[in-house]
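A short write-up of the structure that comes next.
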Amino acid sequence: MGALPEFAFARPATLAEACALLAVEGARAVAGGTDLVPNLRRGIERPAQLVDLGGIAALDRIEERDGALALGAGVTLARLADDARIARVLPALAEAARSVAGPAHRSAATLGGNLCQDTRCVFYNQSEWWRRANGWCLKRDGDTCHVAPQGRRCHAAYSGDLAPVLLAAGAEAETATAAGTRRVPLADLYREDGAAHLTLAPGEIVARVFVPAPTPGRRSGYRKARARGAVDFPLAGVAVVLVVRDGAIAELGVGLTGTNSRPFRLAGTEGFVGQPVDDALLASLAKLIQKQVSPMRSTVTQSYYRRQVASVLAQRLVRELAAG
């Protein structure tokens, strides 16, 4: 990695001040910097100004109202992992936060940064000279996706750990710009395009995430496969939110990450409501996942493996949660 490029730096004290600064072309938001700083040092990003969100107290709050949670985008992953309210309302979120990188990273990295982190690819996350020698790529400065040279879409994979949990739980996001705020389903923040996977407008940031109050008896969990046992991104990650009543599924949400250019909630799980968690149901769940995930050659691991491991992780997790 090289030295950081030159840029102006601002540290606003309020969300309104931050949005005004981010409305200027060339400005980028930064919080923990665990995703952005490596991209700066690789020459991937060259912002004219960085707007540090770390001084905004309103983004650093966890609030509970009637069992629902409002999570500030500036809350660190270390806090998410250890907060008793999160452990009670959505324990899978604490699990996912604990699975990210190492302790030093988690003490700096934030909820908003993890949700909005850049997509990854072995042809993209490289030094500038390496990317230049390979003719750049479709995601940045080039016109060819080296993963799928005949296609016209970037296949870099989204690898955040928190999004699948929040998607499975039906969370919403509040975003902010200089013009005001809006509240949308979390799924609406993403699109299936590795070069532009976020739907946020220029200067728009995630300010808060809302987690609905749990249904009585709700259980949740998160599992991921990675090349190394720690400090690594998911090759495939699965979150499950499950309610079982009288031996049958009453509620099932499944979120996935690492396989596509966006995190997503598995479609079609409502068809499992009323069914017992048995081998037939788990086989059907595996088939549903394998139809909807689309891993490509964007990592050091074979695409087929990532497809298979996603379905196996989901099966194991559903069985485990159903057993209590």
If you take the residues in segment 228-254 that are within 18 Å of the chain's Cα centre (by Cα) and outside any strand (DSSP E or B), which one is surrounded by the most Cβ atoms within 10 Å (Cβ to Cβ)? Pro234
Taking segment 63-90, which residues are surrounded by fewer than 22 Cβ atoms within 10 Å (Cβ to Cβ), hydrophobic (A, V, I, L, M, F, W, C), assigned to a strand (DSSP E or B) and touching a strand residue (DSSP E or B) at 6+ places or on another chain (Cβ under 6 Å)? Ala70
Are any residues in segment 37-62 in contact (Cβ under 8 Å) with a residue 60 or more places away in the chain and crowded, with 21+ Cβ neighbours inside 10 Å, and if so, which ones? Leu53, Leu59
Count of segment 107-129 residues which are modelled with pLDDT of 95 or more, surrounded by fewer than 23 Cβ atoms within 10 Å (Cβ to Cβ), not in a loop (DSSP other than H, G, I, E, B) and not hydrophobic (A, V, I, L, M, F, W, C): 2
Please go through segment 270-324 and pick out each residue that is of a type in the set (A, V, I, L, M), in a loop (DSSP other than H, G, I, E, B) and surrounded by 17 or more Cβ atoms within 10 Å (Cβ to Cβ). Val277, Val293, Met296
For segment 207-225, name all the residues that are surrounded by fewer than 20 Cβ atoms within 10 Å (Cβ to Cβ) and more than 15 Å from Ile86 (Cα to Cα). Pro216, Gly217, Ala225
Please name all residue pairs, on different chains or six or more residues apart, with Cβ atoms under 6 Å, provided the first residue is in segment 280-291 and is among the β-branched types (Val, Ile, Thr) and the second residue is surrounded by 13 or more Cβ atoms within 10 Å (Cβ to Cβ) and assigned to a helix (DSSP H, G or I). Ile289/Ala310; Ile289/Ser311; Ile289/Ala314
Among (1) out of contact with any Cys (no Cβ under 8 Å at 6 or more places or on another chain); (2) modelled with pLDDT of 95 or more, the one test that Arg65 misses: (2)
From the residues in segment 305-322 that are more than 10 Å from Val240 (Cβ to Cβ) and aliphatic (A, V, I, L, M), which one is farthest from the chain's Cα centre (by Cα)? Val312
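The values are calculated or read from the model by the stated rules, or taken from the named source; none is laboratory data. As the structure is a computational prediction, the values presented were derived from the model and not from experiment. Virtual Cβ from ideal backbone geometry, glycine too; neighbours counted across all protein chains shown.
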